[in-house]
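Everything below concerns the one structure shown next.
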Amino acid sequence: MDIVNTPALSIMLFLLEERHGELSAEAALTTLKKPPFRFHHKIELSSKNCRGQIKTVARQDFYITSPEYPLVSVCPVHYGKEHLRFNIFVKNFAKMMAFYRNILGQDVQSLKPGFCLFNVYSQPGLDIQLALKHSDRIIPRPVKSGFLHFKVKNVQELEPFLCQQIKRLGDNELVTCDPEGNIIILEEMEPVCTDNRTDIDDMDLDDVCSMFSVDFADETDRKSVV
């Protein structure tokens, strides 16, 4: 059984197969097969047919440019909406799902064993999503150059759910980590009065990256996960 060490964050584009004058799934996949991208790993989704035979029904290929950056994947769709999905590979699925429920202030839209999906934003033809994925064969690690940015009402209401240090980047922006060390930026839409808010040290993003330092494993292996 192959074990994959991988950046925790990946960016997944679900694009229509054919688009006149716009980016199609085929064109995006062609780009990913050229430098500076290189194949990292694949995930095959399987199901049993009526005869009890296991059949692969979908495959997701992930590509990488650097261990410090998120993975990228392109998935063709035949019709309907396109999706921009930020996927986080997780170790503790239940804990991470509860954390992002509180950050987003909403319940999951789709829930399966080891997988959940939040629909963060919708407009005609496009959904922006956050997904969490757990697999015993995947060992995720935080990325150093790539952070998710969330708009929240105010951080003070979230402090009971935040398990890591909170540092202020600016008047309305703060930085912390999720339970597995992925750096996230929180933008307060309704910050509390300065006199009433919890004292939080000011830092710049370079200081934050040093504080939440990450060791990167060798990326020479290319694996498949079924």
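The values are calculated or read from the model by the stated rules, or taken from the named source; none is laboratory data. Just so we're clear, the structure is a prediction, and the values are computed from it rather than from any experiment. No Cβ is skipped: glycine too gets one built from the backbone with ideal geometry, and neighbour counts run over all protein chains shown. Protein only, heavy atoms only, side chains kept; ligands, DNA and RNA dropped before computing areas. Shrake-Rupley method; radii C 1.70, N 1.55, O 1.52, S 1.80 Å.
Mark the label point 7 Å from the Cα of Ser110 along Cα→Cβ and return the residues of the stretch 127-153 whose backbone N is within less than 18 Å of it.
127-135
Report, to the nearest whole %, how much of the accessible area of the stretch 78-157 belongs to carbon and sulfur atoms, 1.4 Å probe, protein only.
Details: 2150 of 4100 Å².
On the stretch 78-157, the fraction of accessible area on carbon and sulfur atoms equals 52 percent.
Which distance in Å, rounded to a whole number, links the C-alpha centroids of the stretch 1-72 and the stretch 111-177?
Answer, in whole Å: 21.
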